[in-house]
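Read the structure below first, then the notes.
The values are calculated or read from the model by the stated rules, or taken from the named source; none is laboratory data. Fair warning: this is a prediction, and the values are worked out from it, not measured in the lab. Note that we place each Cβ from the backbone using ideal geometry, even for glycine, and neighbour counts take in every protein chain shown. With ligands, DNA and RNA removed, areas are computed over all heavy atoms of the protein, side chains included. Shrake-Rupley method; radii C 1.70, N 1.55, O 1.52, S 1.80 Å.
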Amino acid sequence: MIVLDTGAALALVRGHEALHRLADDVAHIPGDWLHVPSLCLMRAEEKDEGVGRTLLALPGIQVDPLGQTAAVTVGGMVRGGWGGADTCHALYVATPHLETGGMSIILTGHEDDYPPGVLAIDIDSPGMLGFH
């Protein structure tokens, strides 16, 4: 599973070439999605008006809700110093769950926001997901 955090979601809407290619590829694969945690969507919209509507209009985007269990877990992660609510929601979504299996990839504009052991890839790193 590929998770876009706030920075990656903003970059996609602002025209990041590699993310656009990825989104286009994912949109053509039935059942495949780019996951955007709802708190990342909220934060992106807070930073740039219209980003949320633009993301929701893209095919292949799935917004992951902040359910009861996620809210409690994310709140504890924020309290524990893991980052802001949006970063912690991205971590929660990327954490292996029964439905998703293994650890997911978090695409981000701020790789250092994530703890060691989390597969967070900077969207501007050379060869990000095979794109140059």
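Suppose we keep only residues that are free of Cβ contacts under 8 Å to residues at least 40 places away in the same chain, assigned to a helix (DSSP H, G or I) and out of contact with any Leu (no Cβ under 7 Å at 6 or more places or on another chain) within segment 37-54. Which one would you say is most open to solvent (accessible area, probe 1.4 Å)? Step by step, filter segment 37-54, then rank; the result is ARG53. State yes or no: is GLY102 surrounded by 11 or more Cβ atoms within 10 Å (Cβ to Cβ), of a type in the set (Gly, Ala, Ser), at pLDDT below 95 and closer than 19 Å to ASP32 by Cβ? No: the conditions fail for GLY102.
The set of residues in segment 58-91 that are at pLDDT 95 or above, assigned to a helix (DSSP H, G or I) and open to solvent by 50 Å² or more (accessible area, probe 1.4 Å) comprises GLN68, VAL72, THR73, VAL78, ARG79. Do we find that LEU107 is modelled with pLDDT of 90 or more, open to solvent by less than 40 Å² (accessible area, probe 1.4 Å), of a type outside the set (Val, Ile, Thr) and in a strand (DSSP E or B) in this structure? Yes: the conditions hold for LEU107.
When restricted to residues that are part of a helix (DSSP H, G or I) and either over 14 Å from GLU45 (Cβ atoms) or free of Cβ contacts under 8 Å to residues at least 60 places away in the same chain (or both), segment 3-28 contains 16.
Contact annotation: residue pairs with Cβ atoms under 7 Å, 6 or more positions apart or on different chains, pairing a residue in segment 75-87 that is closer than 17 Å to ALA120 by Cβ with a partner that is surrounded by 12 or more Cβ atoms within 10 Å (Cβ to Cβ) and among the polar types (S, T, N, Q), are ASP86/THR6.
Taking segment 1-13 as the range and being at pLDDT 95 or above and either open to solvent by less than 40 Å² (accessible area, probe 1.4 Å) or among the basic types (Lys, Arg) (or both) as the test, the residues that pass are VAL3, LEU4, ASP5, THR6, GLY7, ALA8, ALA9, LEU10, ALA11, LEU12.
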